[in-house]
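I have placed the structure first, in the form of structure tokens, so that the comments after it can refer back to it.
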Amino acid sequence: MARCSGGGVYLKQISVLFICVAFLAGCHQTEETADIGEIYGEVATAVGENRNPVIVIPGILGTKLESVDGTKVWGSFTFGAADADFADGARLVALPMERGRSLSVLRDDVVPTSVLDVVVADVGLFRGIEIGAYVEILKTLAAGRYRDQSMGDAGIVDYGGLHYTCFQFAYDWRRDIAESAVLLDELVRDAQQASRVGRRLSDHAHVKVDVVAHSMGGLVLRYYLRYGIQPLPDDGTLPELTWAGARNIEHAILIGTPNAGSVLSFQQLVDGWDLGPLFPNYRSSVLGTMPAIYQLLPRTRHGRVIDESTGSPIDIFDADEWIRREWGLADPRQDFKLQQLLPDVPTFEERRAIAIDHLRKALARASQLHKSLDVPASPPLTTRVSLFAADSRATPAKVGVDAQHRIEIIENTPGDGTVTRRSAVMDERVGREFTPRLESPIAWDRVQFLFTDHIGLTRDAAFVDNVLYMLLEDPRSWAATR
């Protein structure tokens with residue numbers, strides 16, 4: 001059974017929001033909260049046209065995906081949506097694999113359409129249910145009187161011709177995180193131009209943007225801050241640290257981001273994602289085609305995956321370990337699924353060679369991304385990087401591997417049920433001798449811990465109150481940039 005904290009796998013825990021209203025209701029308790037409209041109504045009006053535009057970046061699973069023929073690939077549990085249990089659906093959900101070609105050129109006909117503000121469930125017992133997802137962040141920004149482009153363009157809200165000040169970044173969460181970060185720049189430019197036009201500024205006026213990013217979206221944002229539109233080089237080297245993206249960003253606000261990865265993503269890539277009989281079974285061979293999931297793996301130096309026979313950390317970025325232990329795409333028992341994904345490849349040996357080649361490329365890409373994000377560095381003084389994280393839930397933190405190469409969670413530490421506290425702050429003391437002060441490659445301007453779960457962070461009263469203060473009132477940002 002899916003739970004709101006502890007156990008499970010990375011995607012499965014996040015997807016609790018998308019499959020069961022009853023569990024969601026039990027994930028947080030009713031409490032007295034401040035009247036946000038009364039607190040921020042006056043300041044939101046006073047800021048008026050001078051506010052920074054804000055961009056919302058969802059995490060993994062947080063964007064609707066559709067094929068070019070209109071088939072829903074992700075974002076709606078309805079009849080007619082892609083079903084990964086069947087060949088046609090599996091090929092839509094998975095990314096292409098081909099030997100001798102880089103991940104960046106392996107593309108399909110699936111495109112992101114919009115941020116997953118509401119999920120529609122229309123299968124079996126869940127018929128007719130609509131479940132709020134990132135709508136909580138959008139409601140918070142609406143309380144601050146931000147004008148959302150997606151809602152305006154869809155005719156949901158009539159802003160009376162006023163320019164948009166809130167934008168949603170829809171991206172293909174299956175693909176390389178650095179690739180998504182490069183695409184983020186396009187939306188940043190659009191938001192800047194909308195602000196120039198709305199505020200009657202010159203075309204050369206420099207406009208800062210604020211970004212609120214949840215979960216994996218925070219990794220997209222962090223790469224953009226450091227490297228702007230530079231992709232990860234195909235030769236495996238690191239891009240030049242320029243802080244090009246940071247020049248456009250004033251507030252970078254991360255929520256529950258797995259900055260040091262998650263053992264749950266490793267469990268997902270090894271064991272797959274089974275939601276039960278009413279929903280598709282996402283096999284490890286399907287998920288293993290997605291570079292972004294590898295980029296959520298924990299760092300080997302932190303000792304999060306342990307060989308139980310020796311007590312030593314396993315280098316989970318070494319593809320030979322996966323081949324020897326028959327994990328994920330290297331599991332020969334997954335050939336039945338590879339036959340669906342690679343229908344034109346006639347033999348087991350050829351399919352296995354393609355799968356292992358893809359595994360090697362995805363692991364190497366993940367290691368390269370981690371190295372690019374782990375370089376200790378401070379952004380320009382005009383960019384502030386803040387974190388909201390939770391540390392009240394027992395959260396899987398360490399995996400043991402037995403003699404038969406089976407895996408199980410052997411240690412839990414405080415977190416939000418999906419991301420540990422230590423991962424969120426990117427604590428480099430993990431796996432080393434303890435010291436009292438945090439050691440992190442991320443120069444945090446502010447860190448705030450809340451008592452909730454991974455999705456609950458987005459609707460927590462303390463988050464809502466503080467994020468609006470940061471965006472609308474904080475005098476430090478106004479003094480630095482105006």
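Taking region 384-482 and the strands (runs of 3 or more DSSP E) fully enclosed by it, the elements with 1 or more residues that are over 18 Å from the mean Cα position of the chain (by Cα) and of a type in the set (Phe, Trp, Tyr) are at 446-450.
Quick one: would you say ILE156 is open to solvent by less than 20 Å² (accessible area, probe 1.4 Å) and out of contact with any Lys or Arg (no Cβ under 8 Å at 6 or more places or on another chain)? No, not satisfied. Within region 38-50, residues that are in contact (Cβ under 8 Å) with a residue 12 or more places away in the chain and over 14 Å from ALA142 (Cα atoms) sit with their Cβ atoms under 9 Å from residues that are of a type in the set (D, E, K, R) and open to solvent by less than 70 Å² (accessible area, probe 1.4 Å), at 6+ positions apart or across chains, in these pairs: GLU49/ARG199; ASN50/ARG199. When residues in region 63-74 are screened for being buried (at least 19 other Cβ atoms within 10 Å of the Cβ) and touching a helix residue (DSSP H, G or I) at 6+ places or on another chain (Cβ under 7 Å), 1 of them pass. In region 75-100, which residues are open to solvent by 60 Å² or more (accessible area, probe 1.4 Å), part of a loop (DSSP other than H, G, I, E, B) and at pLDDT 95 or above? Within region 75-100, GLU98, ARG99 meet the criteria.
LEU341 passes every criterion in (1) of a type outside the set (Asp, Glu); (2) at positive phi; (3) open to solvent by 10 Å² or more (accessible area, probe 1.4 Å); (4) touching a residue at least 12 places away in the same chain (Cβ under 8 Å) apart from (2). Using the structure shown, decide if ARG199 is open to solvent by 10 Å² or more (accessible area, probe 1.4 Å), under 20 Å from ASP172 (Cα atoms) and either in contact with a Gly (Cβ under 9 Å, 6 or more places away or on another chain) or of a type in the set (D, E, K, R) (or both). No, not satisfied. One residue alone among ASP402, ASP474 is among the charged types (D, E, K, R) and in contact (Cβ under 8 Å) with a residue 12 or more places away in the chain, and that residue is ASP402.
Output the number of the condition that LEU65 fails; it satisfies all remaining conditions of (1) modelled with pLDDT under 90; (2) of a type outside the set (Gly, Ala, Ser); (3) touching a Pro at 6+ places or on another chain (Cβ under 7 Å). Unmet condition: (1). Scanning region 353-390 for residues that are free of Cβ contacts under 8 Å to residues at least 40 places away in the same chain and either open to solvent by less than 10 Å² (accessible area, probe 1.4 Å) or among the aromatic types (Phe, Trp, Tyr) (or both) gives no hits.
For region 266-320: of the residues being of a type in the set (Lys, Arg) and part of a loop (DSSP other than H, G, I, E, B), which is least open to solvent (accessible area, probe 1.4 Å)?
In the first step, residues of region 266-320 are kept if they are of a type in the set (Lys, Arg); the result is 283, 299, 301, 304.
Filter once more, keeping what is part of a loop (DSSP other than H, G, I, E, B): 283, 299, 304.
Values: ARG283: 81, ARG299: 11, ARG304: 38 Å².
The qualifying residue least open to solvent (accessible area, probe 1.4 Å) is ARG299.
Looking across SER265, SER312, one residue alone is closer than 17 Å to HIS405 by Cα, at pLDDT 95 or above, among the polar types (S, T, N, Q) and in contact with a strand residue (DSSP E or B) (Cβ under 9 Å, 6 or more places away or on another chain). It is SER312.
Only residues that are under 20 Å from LEU264 (Cα atoms) and open to solvent by 30 Å² or more (accessible area, probe 1.4 Å) were counted across region 429-450, and they come to 1.
Within region 109-147, the set of residues being at pLDDT below 70, part of a loop (DSSP other than H, G, I, E, B) and either in contact with a Lys or Arg (Cβ under 6 Å, 6 or more places away or on another chain) or open to solvent by 50 Å² or more (accessible area, probe 1.4 Å) (or both) comprises ARG127, GLY128.
Please verify whether region 211-231 includes one or more residues that are surrounded by fewer than 19 Cβ atoms within 10 Å (Cβ to Cβ), touching a Leu at 6+ places or on another chain (Cβ under 8 Å) and small (Gly, Ala, Ser). The answer is no, given that none of the residues of region 211-231 is surrounded by fewer than 19 Cβ atoms within 10 Å (Cβ to Cβ), touching a Leu at 6+ places or on another chain (Cβ under 8 Å) and small (Gly, Ala, Ser).
The values are calculated or read from the model by the stated rules, or taken from the named source; none is laboratory data. None of these values were measured; they are calculated from a predicted model. Reconstructed Cβ throughout: ideal geometry from the backbone, glycine too, with neighbour counts over all protein chains shown. The accessibility values were calculated without ligands, DNA or RNA, using every heavy atom of the protein model including side chains. Shrake-Rupley method; radii C 1.70, N 1.55, O 1.52, S 1.80 Å.
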